[in-house]
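**Q** Just dropping this structure here.
The values are calculated or read from the model by the stated rules, or taken from the named source; none is laboratory data. Not measured: the values here are computed from a predicted model. Virtual Cβ from ideal backbone geometry, glycine too; neighbours counted across all protein chains shown. In case anyone asks, the SASA skips ligands and DNA or RNA and just uses the protein heavy atoms, side chains included. Shrake-Rupley method; radii C 1.70, N 1.55, O 1.52, S 1.80 Å.
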Amino acid sequence: MQRFSPTVSIIVPTFNESRNLPRVVCLLEKAMGGIPWEVVFVDDDSPDGTWRVAKELARADARVRCIRRVGRRGLAGACIEGALSSAAPYVAVMDADLQHDETVLPAMVAKLENGEAEIVIGSRFVGDGSSVDGFTARRAFASRVATRLASLLIGRRVSDPMSGFFALKREVFEAVAPRLVPSGFKILVDILASTRGQVRIAEVAYRFRSRQEGLSKFDTRAILDFLGLLLHRMTGGMVSVRFLFFMVVGSTGIAIHLLALRAGLLAGLGFDAAQSLATVAAMTSNFLVNNQLTYSDMKLKGTAALAGLLKFYVVCGVGALANIGVASWLFLSNKDWWIAGIAGVIVGATFNYTMSSIIVWRQQQN
Ligand code: GDD
Ligand code: MN
């Protein structure tokens, strides 16, 4: 009986890439030569039915697999799950849009196999690597700035830490997997920061091509996620990306509150009524923005959103009580008024965040 055991599991995250998939498999077949491989498409329930195409391909070829994730979104998380679902001694990650040059994969695997490195990065910026075709000028500039920031975090110079094209040894991946942040766009940065100083890195140049079919999913959200990831790592993993978002959104709530209060007063409401109205306005706006941003990967829609909003009111109400309780207690035990005030806010905000993550947008926190 012939056994199939791939040397490398190639993880390909997909979102609306149905038209690129057949080509990806075809090109991998050509590129991999004698190296036994498998490809795992990880699709976040794409509206264009990418997962259907992937499963169609999988039916015809045992080397092709597909994970259809439902109720979740996120490039990094998709890569993590795909890699975790596989077992080959080497793991590679590549985009589905054919921007990454699959013909350098054998060279990447060779460097892992001959022990030259534990992580091999496909780089647009070393040797013959090039990104001229694939990026707009603005994106190229943003990419340079981000690369600088990322280098600080990683603690060494890597020419393309933002790459979405890389390969690594399975042991290395499995060791850091529990610590990775699934909500981001830049999983390699996270892996490099998590393995800081412990692994050898090699780079292989490739020419960044233009996207074949479909659209890029890189957006403002991806930038915010990246900044969140940097802060998360800089605080030694203490501050979660989601918590940071939640706090920033909470601060914008203060502005909404004051605007609504002013409007209420101008409209002739008494102070108590205007203040109540402002509180509801701020909570509502916080809920909507959090749903859009902080919990975008598990966005509530329709009646679920309405139920979520009501739960959010309750959570924030209890949070406010906790805030006032702690602040009053500290104030009475002779702490400065501002220390008492800040402590109250911190306790209230942390309570709101924790309970929101558990009750309103049910999922594990990260
Ligand atoms: N499962 C899943 N979920 N896949 C996603 C998601 C998601 O939420 N968002 C994007 N993808 C998939 C896309 O379908 C594509 O296969 C790949 O992830 C990269 O997305 P693109 O939209 O093509 O990103 P890009 O070209 O702007 O940037 C990519 O290349 C850069 C250069 O290597 C990314 O890989 C960047 O991280 C990388 O820096
Ligand atoms: Mn792309």
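**Q** Once label points are set 7 Å from the Cα along Cα→Cβ at both ALA307 and ARG19, what is their separation, rounded to one decimal in nm?
**A** Placing both labels 7 Å beyond Cα along the Cβ direction yields 3.8 nm.
**Q** List the relative contact order of the range 241-360 as a percent without decimals, with contacts defined as Cα pairs under 8 Å and 6+ residues apart.
**A** Relative contact order for the range 241-360 comes out at 23 percent.
**Q** Distance between the C-alpha centers of the range 33-66 and the range 218-263? Whole Å please.
**A** So the two Cα centres are separated by 36 Å.
**Q** Could you work out Rg/(2.2 N^0.38 Å) for the range 293-366, with Rg from alpha carbons only?
**A** Details: Rg = 14.8 Å, N = 74, 2.2 N^0.38 = 11.3 Å.
In units of the globular-protein estimate, the range 293-366 measures up at 1.31.
**Q** State the Cα centre-to-centre distance between the range 323-366 and the range 72-128 in whole Å.
**A** 43 Å
**Q** Test of understanding: in a Gaussian network model of the chain with alpha carbons linked when under 10 Å, which of ILE201, ILE121, ILE80 would top the mean-square fluctuation ranking?
**A** Per the Cα network of the chain with a 10 Å cutoff, ILE201 tops the list.
**Q** Choose one of GLY344, VAL326, VAL360: the residue whose Cα lies farthest towards the positive end of the charge dipole of the range 241-360 (beta-carbon charges +1 Lys, Arg; -1 Asp, Glu; about the Cα centre).
**A** Highest projection toward the positive end goes to VAL360.
**Q** Would you mind checking which residues have amide H under 5 Å from ALA88's amide H? H placed 1.01 Å from N; only 5 or more apart, or other chain.
**A** SER9
**Q** Once the Cα atoms of helix 302-332 and of the chain are each reduced to a long axis, what angle between those two axes, in degrees from 0 to 90 to the nearest 10, is obtained?
**A** 60 degrees
**Q** To the nearest 10 degrees, how steeply does helix 271-292 sit against the main Cα axis of the chain, on a 0 to 90 scale?
**A** Once rounded, the angle reads 10 degrees.
**Q** Which angle from 0 to 90°, rounded to the nearest 10, does the C-alpha axis of helix 75-84 make with the longest principal axis of the chain?
**A** 60 degrees
**Q** Which lysines does LYS217 reach when only Cα atoms under 26 Å apart count, and residues fewer than 8 places away in its own chain are ignored?
**A** In chain and number order, the partners are LYS55, LYS186, LYS299, LYS301.
**Q** Which value, in Å², gives the accessible area per residue of the chain when a 1.4 Å probe is used on the protein heavy atoms? Provide the component values of the computation, followed by the final result.
**A** Values: 17810 Å² over 366 residues.
So the chain comes to 49 Å² accessible per residue, rounded to a whole number.
**Q** Just PHE208, PHE135, PHE245 to compare: in a GNM of the chain, with alpha carbon springs under 10 Å, which one fluctuates most?
**A** Looking only at PHE208, PHE135, PHE245, the biggest GNM fluctuation is shown by PHE135.
**Q** As a check on your grasp of the helix formula, calculate [θ] at 222 nm for the chain: sum -39500 (n - 2.57) over DSSP H runs of n ≥ 4, divide by the residue count, round to the nearest 500.
**A** Numbers: 12 runs with 188 residues, N = 366.
Value at 222 nm, helices only, nearest 500: -17000 deg cm²/dmol.
**Q** Return the sequence-ordered ³J(HN,Hα) values of the range 203-219 in whole Hz as given by the Karplus equation 6.51 cos²θ - 1.76 cosθ + 1.60 applied to θ = phi - 60°, using x for Gly and Pro.
**A** 10, 10, 7, 8, 9, 6, 8, 7, 4, 6, 10, x, 10, 6, 9, 6, 8
**Q** Which residue, ARG233, ARG138, ARG59, tops the fluctuation ranking in a GNM of the chain built on C-alpha contacts under 10 Å?
**A** ARG138
**Q** On the protein heavy atoms, probe 1.4 angstrom, tell me the percent of accessible surface of the chain carried by carbon and sulfur. Can you show the working numbers first?
**A** Details: 11130 of 17810 Å².
Carbon and sulfur atoms account for 63 percent of the accessible area of the chain.
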